[in-house]
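Computed from the coordinates by the stated procedures, all read-outs in this text should not be read as laboratory data. No experiment lies behind these values; they were computed from the predicted model shown. Neighbour counts run over all protein chains shown; Cβ positions are idealised from the backbone, glycine included.
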């Protein structure tokens, strides 16, 4: 009986290895043109999926770009610029499409986008003190969004222990430029973690 189990196990292992090797060979040959209808159809489907993903990634990257521009306006104590960028970010968030994600991710992303949009709208119509209050929650929403969507950029999650019992934000640079205090405490904070 043990011999039969070992034989079945060996056959299963051999089949798995052959399948893995054939998948590896198939991925190498996908780039080449074939006359097999099934392979051609799969290649077209794969290309469409890549194109959709690229478009989706671009929308997620647009949100990040607008977020970083807003952060920089707060660092520079520029209330009017932050208002305009809050509106820009609101539009980017509303344009984000979640249909390329799993059902659970879609639910989570919809909640994050809704909350982030509300905070971006408030930033678009508030004084700088109130903008900074909303930026704290907006930063958490954007960080949670990146955890789902990913990003091609290297990001730094930075933390200021002094603002509102501790507040985090994202940056594309390791150097601390505090959006919560601006010129008053420009370098207050530290890098908590690197993303990517």
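Using 13 Å as the cut-off for backbone N distance, which residues of the range 93-117 belong to the label zone defined by a point 7 Å from the Cα of residue 137 along Cα→Cβ? From the range 93-117, the list is 112-117. Modelled spin labels at residue 79 and residue 114, positioned 7 Å past Cα toward Cβ, are 3.2 nm from each other. Each of 190, 167, 126 was scored by other Cβ atoms within 10 Å of its Cβ. Arranged with the fewest first, they read 190, 126, 167. Here the simple spin-label model places points 7 Å from the Cα toward Cβ, and for residue 57 and residue 103 these points are separated by 2.8 nm. This ranking places 187, 71, 140, 65 by how few other beta-carbon atoms lie within 10 Å of each, fewest first, which gives 187, 65, 140, 71. Residues 88, 154 in ascending order of nearby Cβ atoms (within 10 Å, fewest first): 154, 88. In plain terms, the chain from residue 65 to residue 186 could stretch by 41.5 nm, reckoned as 0.36 nm per residue minus the Cα-Cα distance.
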